[in-house]
1. Please verify whether Gly8 is assigned to a loop (DSSP other than H, G, I, E, B) and either of a type in the set (A, V, I, L, M, F, W, C) or under 12 Å from the mean Cα position of the chain (by Cα) (or both), treating the condition exactly as stated.
2. Listed residues Thr67, Thr21; which is farther than 18 Å from Thr4 by Cα and either surrounded by 14 or more Cβ atoms within 10 Å (Cβ to Cβ) or among the polar types (S, T, N, Q) (or both)?
3. Do we have Glu62 as at pLDDT 95 or above and farther than 22 Å from Asn9 by Cα here?
4. Check Asn72 against each of (1) within 12 Å of the chain's Cα centre (by Cα); (2) free of Cβ contacts under 8 Å to residues at least 40 places away in the same chain and name the one condition it does not meet.
5. If I filter the stretch 1-38 down to residues being hydroxyl-bearing (Ser, Thr, Tyr) and touching a residue at least 12 places away in the same chain (Cβ under 8 Å), which single residue comes out as farthest from Glu62 (Cα to Cα)?
6. So which of Val44, Val16, Val31 ends up being closer than 17 Å to Val86 by Cβ, at pLDDT 95 or above and not in a helix (DSSP H, G or I)?
7. Is it fair to say Glu62 is of a type in the set (Asp, Glu), touching a strand residue (DSSP E or B) at 6+ places or on another chain (Cβ under 8 Å) and either part of a helix (DSSP H, G or I) or under 15 Å from Ile85 (Cα atoms) (or both)?
Amino acid sequence: MNNTVYVGNKGVMNYVLAVITQFNTENADKVRIKARGRAISRAVDVEEMVRNRFLPDIKVEEINLGTDKVKNEDGKDVNISTIEIVLSK
């Protein structure tokens, strides 16, 4: 499934628009919202705004939590939390 929206440092509405676009113009049945680290709270905000304000018929199908190992500036492995929220019609 390539109907994935990666949440980063932009404003919440940018990602809300991306999710709505996936559902409406791409005719996607499912859209994944993915984020890591500090962007996790923004991903949850995106999901809530999509469901509560714009597309009330959308349901949360599943939520996956995990950890990615990333090398920091010093070359050490650091664990970063991840979230994947799957929305479906």
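The values are calculated or read from the model by the stated rules, or taken from the named source; none is laboratory data. None of these values were measured; they are calculated from a predicted model. Cβ placement follows ideal geometry from the backbone for every residue including glycine, while neighbour counts extend to all protein chains displayed.
1. Yes, satisfied.
2. Thr67
3. Yes; evaluated as a whole, the condition is true for this residue.
4. Here Asn72 meets the rest and fails (1).
5. Among those that are hydroxyl-bearing (Ser, Thr, Tyr) and touching a residue at least 12 places away in the same chain (Cβ under 8 Å), it is Tyr15.
6. Of the residues listed, the single one that is closer than 17 Å to Val86 by Cβ, at pLDDT 95 or above and not in a helix (DSSP H, G or I) is Val31.
7. Yes: the conditions hold for Glu62.
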